[in-house]
Amino acid sequence: MKRKLVLENGLVFNGEGFGSDQFTIGEVVFTTGMTGYQETLSDPSFHKQIIVFTYPLIGNYGINPSDFESLNSFVGGIIVHEYAKTESHWKSQMNLDTFLKKQNIPGLSGIDTRALVKTIRTKGSMKGKFCDENEDIDEVIKKFKNHQLAHHVPEVSTPRAYSAPAEGNRIVLVDYGMKKSILKELCLRNCDVVVVPYNTDTNSILELNPDGIMLSNGPGNPEELTESINTIKELSGKVPIFGICLGHQLYALAQGAKTYKMLFGHRGANHPVKELSTNRVHITSQNHGYVVDEDSLKNTSLEVTHRALNDGTIEGLQDRKNWAFTVQYHPESSPGPNDNEYLFNRFMDMIDEFKLK
């Protein structure tokens, strides 16, 4: 079936439809990973976004039960140059098209994804919508003007607390749209993890007697989460804190810094990041459209620890005063390299040091 993508600037890309036929307006973004499309599709940080895959063939190894980062997909749509109708992998349980239909996610194939990505890199991420072949383009563009893009943490956070019991450090993991692999890394270190909703208040967190607090990834504009920012501010200095992606941004805001929206963001599994203390370069997995404003750090206790080599933006912060550190990228990977799992060990070391102070 014929299908087209309409962008808010009037550009139209015609192709073939697959997956669901339920269309919504979403932010069109691109990701540069060569593999890991299943982890990408199940990452809650892509809430209601339309993902363009730069790798030309997607779906060739199907969908399996092991590689989900959440039980449901919150993606608004996907765009590929070519999707594999037949998958080939011993763990696969369904093909990509079947998965998208089950999750009500529309897909578009057969377009020049390179041209679309060049447009986004030049003009920035923008609103887009899939349409049927005969739908009026002008009417679609009119709808963009009154549509506010929604990246709702409440829709991807757990509605109630739950635990992953163990005998080690008690970690309260605040779920803003948590990837399963963050929980997995803590469990591998024998942590007694309690996952709590994004809006859990300070007293409720402290009543759990945490040895450490983990701030997870999640979608959208961090400045909209004023309740979470205030909670983090109240927790600062009381317990060691480790923030990832959105958690990194929220921690910075809680300390008085600012964030801003990037032109097209960082999404993919091949982004080089330099750790300033060692001059070591790590290849990282990333998924964010906002970043901490470096000029806003002047009157805070935050210092930059990591920097993106592609554009120089902040990729890590440390707050020695309040026993906290954060990274913009994803040390749990999935998809992507495992170079940065050492940061979870660093968190455990910080907790041990805090207990001795």
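If you build a Gaussian network model of the chain, linking Cα atoms that sit under 10 Å apart, which residue out of Asn14, Asn279, Asn95 swings the most? Ranking Asn14, Asn279, Asn95 by mean-square fluctuation puts Asn279 first.
Working note: Karplus 6.51/-1.76/1.60 with θ = phi - 60° gives region 100-107 the couplings 4, 5, 5, 9, 6, 10, x, x Hz, where Gly and Pro are set to x. On full extension, the segment bounded by Leu11 and Lys258 gains 85.6 nm, given 0.36 nm per residue less the C-alpha separation. Distance from the Cα centroid of region 223-289 to that of region 20-36 is 23 Å (rounded to whole angstrom).
An ellipsoid equivalent to the chain, defined through the eigenvalues of its Cα gyration tensor, has semi-axes of 35, 22, 19 Å when rounded to whole angstrom and sorted largest first. Positive-end ranking of Val281, Leu253, Gly312 along the dipole of region 244-312, with charges on Cβ about the Cα centre, is headed by Val281. So what's the back-of-envelope 222 nm ellipticity for the chain, counting only DSSP H runs of four-plus at -39500 (n - 2.57) apiece and dividing by all residues, rounded to 500? So the calculated ellipticity at 222 nm is -6500 deg cm²/dmol. When you filter the GluC sites (Glu not before Pro) in region 164-263 for DSSP loop state and at most 10 other Cβ atoms inside 10 Å of their Cβ, you are left with Glu167, Glu207. Relative contact order of region 240-333, please, whole-number percent, based on alpha carbon pairs below 8 angstrom and at least 6 residues apart. That works out to 35 percent. Rounded to the nearest 20, the size of the Cβ-charge dipole of the chain about its Cα centre is 360 debye, with Lys and Arg at +1 and Asp and Glu at -1.
Straight Cα distances below 27 angstrom link Lys298 to the lysines Lys233, Lys238, Lys258, Lys261, Lys274, Lys321, with same-chain residues fewer than 8 positions distant left out.
Accessible area ranking (1.4 Å probe, heavy atoms, ligands and nucleic acids excluded), largest first, for Arg307, Arg346, Arg320, Arg3: Arg320, Arg346, Arg307, Arg3. Among the trypsin sites (Lys or Arg not before Pro) in region 30-107, those located in a DSSP loop and surrounded by at most 12 other Cβ atoms within 10 Å of their own Cβ are Lys85, Lys91. Of the residues Val117, Ser66, Ser92, the one whose Cα sits farthest toward the positive end of the charge dipole of region 53-128, with +1 on the Cβ of Lys and Arg and -1 on the Cβ of Asp and Glu, is Val117. Between Asp201 and Lys85, full extension at 0.36 nm per residue minus the direct alpha carbon distance yields a gain of 37.1 nm. Close Lys pairs in region 104-182 (alpha-carbon distance under 27 Å; sequence gap of 8 or more, or different chains): 16. Near Tyr290, the amide H atoms lying under 5 Å from its own belong to Met262; only residues 5 or more places off or on other chains count, and H is placed 1.01 Å from N. Note: relative contact order over region 1-113, using C-alpha pairs below 8 Å and six or more positions apart, is 33 percent. A DSSP coil position with no more than 14 other Cβ atoms inside 10 Å describes the following trypsin sites (Lys or Arg not before Pro) in region 119-172: Arg160.
A straight chain from Arg114 to Thr98 at 0.36 nm per residue would run longer than the Cα-Cα distance by 3.2 nm. Pairs of Cα atoms nearer than 8 Å and 6+ residues apart set the relative contact order; for the chain it is 15 percent.
Taken as entire DSSP H runs, the helices of the chain that both span 18 Å or more between Cα atoms along their own long axis and average -1.0 or more on the Kyte-Doolittle scale are 342-356.
The values are calculated or read from the model by the stated rules, or taken from the named source; none is laboratory data. Bear in mind that the values here come from a model prediction, so they are computed numbers and not experimental data. Using ideal geometry, Cβ is built from the backbone for each residue, glycine included, and neighbour counts are taken over all protein chains shown. Calculation scope for accessible area: heavy atoms of the full protein, side chains included, ligands and nucleic acids excluded. Shrake-Rupley method; radii C 1.70, N 1.55, O 1.52, S 1.80 Å.
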